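The values are calculated or read from the model by the stated rules, or taken from the named source; none is laboratory data. Computed from a predicted structure; not experimentally measured. Heads up, the Cβs are rebuilt from the backbone with ideal geometry, glycines too, and the neighbour counts pull from every protein chain shown.
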Amino acid sequence: MGCGIPVAAMTGASYGQGSGPMWLDGVSCSGIEPTVKNCPSKELGTSTCTHGQDAGVVCRDIKVVNGSSPCNGRLQVLYDDHWGGVCHTGWGLDEAAVVCKELGCGGVVELQSYVGPFDGPIWMDNLTCTGKESTLRACPFTGWGVSSCADGLYAGVVCNDVRLANGSNLCSGRVEVLHNYQWGTVCDAGWDLTDAAVACNSVDCENPVAATTGAFFGQGSGPVWLDDVICSGNESTVMDCLSMELGTSTCGHGKDAGVICNRELKISVAYIHTII
C-alpha cells in the first residue's frame, strides 16, 4: 500500500465489519511477500470466519527511504495521501530522537541532510521538538506544505538497529537487535568479551567491563534472533558477526545476553549526502 511499517495488527473487526466473501483465512506471511495474496493461506474463499473477525492494520505515517535498513535514510511523512519530505531547517538531535522512537528503532546515531531535488512536496519545515513527543506531528512546525527550504536540503537520520535494554545507563543492558521490524534478543551461548565489544561499539560506547549471561538484565521478549555469535571484533554491529541463521535459536529468554560497557553514549552529528 506504500505506507510505513506496521504499528499494530488489528483483529475482531476493529474498523467495522466488511461485506462480501471472506477471501483469505489462515494467512501466514514471512514478511517478504509483495502482497498478502502471495502469503500461504487456506484456499481462496474457503474461510469459515464471519465478518466479526475481519482483520485490519495500522501503518506508520512516517518512514525513511534510500537507506540500508528501516532505521536510516531520508525522512518522509504521509499527509493528504501523499508522501513528502522534511526540510533540514531546525533539524537537530531532539527532532531526530522523536523520529527514531516513532520508527521503533534505537537511539540516534547520526543526523543527516540530503541534497535534492526530490519528487513530491516538502510537508514539514522549521520543526522544534523537545525530544519527548511520541510522534513528529506533535512537534511545532510552520504548517503542512508551508516551507522555505530554498537550499534543497532534506532531513534524514541514522537510528540504531542494536540497543541495550533494562540497564542502569545508556551503556549497559540486555542486547537487543532489530530484524524484520521486530526487536529480539541474543542467546548467551559463546557470548564473550569480543562479542560484547562489538555490541558496545555499535551503540557508541567503549569496550565492555563484562559480557553478561543468563538474562542478567532480565528476560526479553520476541524472537531470539542471534545464537552462537562469533565476532572478530572488527564488525560494526553484532548483526555482522558469524552466527546461526537468524531466528533459528533454540535458546529461551533465560539465556539472554547483555553487556556492561565503560562509558556513556556519544552521538556523532551529521554529514551531508549528495544525491545525484
message = Can you pull out every residue in region 145-160 that is assigned to a loop (DSSP other than H, G, I, E, B) and either under 15 Å from HIS88 (Cα atoms) or among the β-branched types (Val, Ile, Thr) (or both)?
response = GLY145, VAL146, SER147, SER148, CYS149, ALA150, ASP151, GLY152
inquiry  = Give all pairs with beta carbons closer than 6 Å in which a residue from region 168-193 that is closer than 20 Å to THR250 by Cβ meets a residue that is of a type in the set (Ser, Thr, Tyr); count only pairs at least 6 apart in sequence or on separate chains.
reply    = GLU176/THR185; CYS187/SER249; ASP188/THR213; TRP191/THR213
inquiry  = From the list CYS205, CYS200, exactly one residue is buried (at least 17 other Cβ atoms within 10 Å of the Cβ), farther than 30 Å from TYR79 by Cα, at pLDDT 90 or above and in contact with a strand residue (DSSP E or B) (Cβ under 6 Å, 6 or more places away or on another chain). Which is it?
reply    = CYS200
inquiry  = Among the residues that make up region 37-56, is at least one of them in contact (Cβ under 8 Å) with a residue 24 or more places away in the chain, over 30 Å from SER202 (Cβ atoms), outside any loop (DSSP other than H, G, I, E, B) and under 24 Å from the mean Cα position of the chain (by Cα)?
reply    = yes
message = Go through (1) under 20 Å from ASN169 (Cα atoms); (2) without any contact (Cβ under 8 Å) to a residue 40 or more places away in the chain; (3) not small (Gly, Ala, Ser) for CYS200 and report which single condition fails.
response = (2)
ask   = Do you know which residues across region 178-191 are surrounded by 23 or more Cβ atoms within 10 Å (Cβ to Cβ) and touching a Gly at 6+ places or on another chain (Cβ under 6 Å)?
value = THR185
message = Can you confirm whether VAL27 is touching a helix residue (DSSP H, G or I) at 6+ places or on another chain (Cβ under 8 Å), of a type outside the set (S, T, N, Q) and buried (at least 17 other Cβ atoms within 10 Å of the Cβ)?
response = no
